[in-house]
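This report concerns only the one structure given below.
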Amino acid sequence: MTEPVLMWFRTDLRIHDNPALHAAAQQGRPVVAIVFETHHQWARHGIGPRKINLMRAAMASLHDSLAARNIPLLIETVADFEASRQRIAHWLQALGARQLFFNNEYEVNERRRDIMVCRDAAAQGVDVQRFHDQCLLAPGSVNNKAGLPFRVYTPFRKAWMADAGPALTAPLPAPAVQAPFEWPDHLLMPVSSVAEPNVDPLWSASEDDAHQQLQEFIDERARQYHQERDFPGLDSTSRLSVPLSLGLLSPRQCLYAAVRFNDGRLDGGRSGFQTWINELVWREFYRHLLVAFPELCKHRAFKPETEVIRWRHAPDEFAAWCEGRTGYPIVDAAQQQLLQEGWMHNRLRMISAMFLTKHLLIDWRQGEAFFNQYLLDADLASNNGGWQWSASTGADGAPWFRIFNPLLQSRKFDATGEFIARFVPALASLPPDSRHEPDGLQRRRCGYPTAIVEHSFGRQRALDAFGVLGKPVTDPAAHPELPL
Ligand SMILES: Cc1cc2nc3c(=O)[nH]c(=O)nc-3n(C[C@H](O)[C@H](O)[C@H](O)COP(=O)(O)OP(=O)(O)OC[C@H]3O[C@@H](n4cnc5c(N)ncnc54)[C@H](O)[C@@H]3O)c2cc1C
């Protein structure tokens, strides 16, 4: 038997543009692939059941795509990262593999695991080849003139743009069909526990569907993206965060497709494409931050001085926020979208997160954990980045004295109240203008709760609490709304 090489899949559940898989397939040896369901680890990381179900479905889909190329995928259920480390050592030894391939993950526990895996492999005489696939430019490679990581998005973006052009090569092809793999005589052919296709009613776990979704967005919505992306009722964004978070798509594939339809331009060109590319750069920015500042993985504020803020312990109010019972229709509709769809529009994530951290003065870490449990695109870097932005504790965060008024946000971004009516049907019978802020009688008639906190009271309470950080440079009254 020719010894195979081992390819370890993680958050890169795709066969196209997968640098580790591509390199493994270039070795002139059979490829055997492995992926782990690490249920205890997932529980410790607060990942919710719906996302776990989608990940398992994506593994099953990957299994079929690889099988069509005669690449066996072992899907093993183990407790945690430590157990996966042991199983990798086991399979390297059992298969006689001398090479291990994987794409990097950047969170602290994942990095610790990989250090140990590399040590084990070295002791076994196995060569480990690691690749970057989660960002177009590897974390750590975009720095300021002093060689330090950027803490602010705009200069990061500028530096990123300067390097990204040459890096944006065509996505890698899927591996070719290999000769059927012959399991060594001393090994029983393992049976993978391929998940029963437990289909999510709204989200596909297939790589092919992710490609189609990308193409549809580019063809139908990207051109108007800059004008329409802020209106949750329009469904005008790509919703690619879910396939991106599972690794069904790579950022390179997204950027490459956008640039092709933007007359070859990564920067500038058509406003819709440019704006969308900028959002993908935000994604890169947050990943680069996570690597540069690993404290972000440990529930620490990016700005340590904000740790003095006295968050309120208010479990009942937190529960009302989670369940969409705050009495602020736009916040409640947002939370309902999360609970029903496993996804929330970006504008609403900002409104809802700011409402929790400012109007209710509840610690951003509680909100982050809740989003992490329910979002199908849950991702430590972007979720943490978004929450710390909203709570004004983060890199390039919203200044603490600029607090969204949820009622104005609602009127501006859901002017017809259609989105509210869709997710809070109790208010659908009200005239559109009343849906943003029903009066007492309307609330009683619709069985809708009174507001959990009065806007100006909540705002002032937040300003007072954040005031310990020092006076704002500008008069807060001049910034009733955050212009975004
Ligand atoms: C409080 C909060 C929590 C968030 N949690 C997550 C999360 O767990 N996972 C996640 O992927 N995004 C998160 N975001 C960012 C953003 O809301 C989502 O990426 C976006 O709504 C996904 O929808 P889309 O794919 O249609 O995005 P599009 O508008 O089509 O954008 C394209 C892609 O760009 C990236 N992107 C867009 N906006 C941002 C942003 N603000 N920050 C980082 N990347 C961005 C995403 O990968 C997205 O798929 C969060 C934002 C906030 C304010």
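The values are calculated or read from the model by the stated rules, or taken from the named source; none is laboratory data. Note that the structure is predicted; figures quoted are calculated from it, not measured. When we count neighbours, we look across all protein chains shown, and the Cβ atoms used for this are built from the backbone with ideal geometry, even at glycine.
Quick check on region 292-313. Is at least one of its residues in contact with a strand residue (DSSP E or B) (Cβ under 8 Å, 6 or more places away or on another chain) and on the phi < 0 side of the Ramachandran plot? Scanning region 292-313, I find at least one residue that is in contact with a strand residue (DSSP E or B) (Cβ under 8 Å, 6 or more places away or on another chain) and on the phi < 0 side of the Ramachandran plot, so the answer is yes. Total residues in region 275-323 satisfying the condition of being of a type outside the set (Phe, Trp, Tyr) and within 24 Å of Asn109 (Cα to Cα): the figure is 19.
Selection of region 350-364 for residues being surrounded by fewer than 24 Cβ atoms within 10 Å (Cβ to Cβ) and near the ligand (Cβ under 7 Å from one of its atoms) yields only Met350.
Name the single residue, out of those in region 238-278 being without any contact (Cβ under 8 Å) to a residue 60 or more places away in the chain and within 13 Å of the chain's Cα centre (by Cα), that is nearest to the ligand (Cβ to nearest atom).
Looking at the filtered set, the residue picked out is Leu240.
Taking every residue in region 211-224 that is within 16 Å of Gln274 (Cα to Cα) and pairing it with any residue that is aliphatic (A, V, I, L, M) and assigned to a helix (DSSP H, G or I), at least 6 positions away or on another chain, the pairs with Cβ-Cβ distances below 6 Å are Leu214/Ala257; Ile218/Ala257. Would you check if there is a residue in region 398-405 being within 13 Å of the ligand (Cβ to nearest atom), at pLDDT below 95 and of a type outside the set (Asp, Glu)? Yes.
Within region 365-391, restricting attention to residues that are polar (S, T, N, Q) and within 6 Å of the ligand (Cβ to nearest atom), the residue that is farthest from Phe293 (Cα to Cα) is Ser390. Sort out which residues of region 411-434 are touching a residue at least 12 places away in the same chain (Cβ under 8 Å) and under 20 Å from Gln340 (Cα atoms), and write them in order of number. Of everything in region 411-434, those that are touching a residue at least 12 places away in the same chain (Cβ under 8 Å) and under 20 Å from Gln340 (Cα atoms) turn out to be Asp414, Gly417, Glu418, Phe419, Ile420, Ala421, Arg422, Phe423, Val424, Ala426, Leu427. Among the candidates Ser204, Ser192, the residue that is small (Gly, Ala, Ser) and at pLDDT below 95 is uniquely Ser192. Residues in region 244-286 that are of a type in the set (S, T, N, Q) and touching a Ser or Thr at 6+ places or on another chain (Cβ under 8 Å): 1 in all.
Tell me, yes or no, whether region 401-410 has at least one residue that is under 20 Å from Thr237 (Cα atoms), outside the structural domain of Leu240 (by TED's automatic domain parsing), surrounded by 20 or more Cβ atoms within 10 Å (Cβ to Cβ) and in contact with a Phe, Trp or Tyr (Cβ under 9 Å, 6 or more places away or on another chain). Yes, because at least one residue in region 401-410 is under 20 Å from Thr237 (Cα atoms), outside the structural domain of Leu240 (by TED's automatic domain parsing), surrounded by 20 or more Cβ atoms within 10 Å (Cβ to Cβ) and in contact with a Phe, Trp or Tyr (Cβ under 9 Å, 6 or more places away or on another chain). Candidates are the residues of region 115-168 that are among the charged types (D, E, K, R) and assigned to a loop (DSSP other than H, G, I, E, B); the one that is nearest to Glu284 (Cα to Cα) is Asp133. Exactly one residue out of Ala20, Ala43, Ala57 is part of a helix (DSSP H, G or I), within 27 Å of the chain's Cα centre (by Cα) and surrounded by fewer than 18 Cβ atoms within 10 Å (Cβ to Cβ), and it is Ala43.
The rows are residues; the columns are (1) without any contact (Cβ under 8 Å) to a residue 12 or more places away in the chain; (2) in contact with a strand residue (DSSP E or B) (Cβ under 8 Å, 6 or more places away or on another chain).
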{"residue": "Gly48", "(1), (2)": "no, no"}
{"residue": "Lys51", "(1), (2)": "no, no"}
{"residue": "Met59", "(1), (2)": "no, yes"}
{"residue": "Asn70", "(1), (2)": "no, no"}
{"residue": "His90", "(1), (2)": "yes, no"}
{"residue": "Gly96", "(1), (2)": "no, no"}
{"residue": "Gln99", "(1), (2)": "no, yes"}
{"residue": "Tyr106", "(1), (2)": "no, no"}
{"residue": "Asn109", "(1), (2)": "no, no"}
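In summary, Ala319 fulfils each of the numbered conditions (1) more than 11 Å from the ligand (Cβ to nearest atom); (2) in contact with a helix residue (DSSP H, G or I) (Cβ under 9 Å, 6 or more places away or on another chain); (3) in a helix (DSSP H, G or I) with the single exception of condition (2).
Scanning region 283-294 turns up at least one residue that is among the aliphatic types (A, V, I, L, M), in contact with a Cys (Cβ under 8 Å, 6 or more places away or on another chain) and either crowded, with 21+ Cβ neighbours inside 10 Å or farther than 30 Å from Gln442 by Cα (or both).
Conditions: (1) more than 22 Å from Lys51 (Cα to Cα); (2) away from the ligand (no atom under 15 Å from the Cβ). Gln336 meets all but one. Number of the miss? Just one mismatch for Gln336, condition (1).
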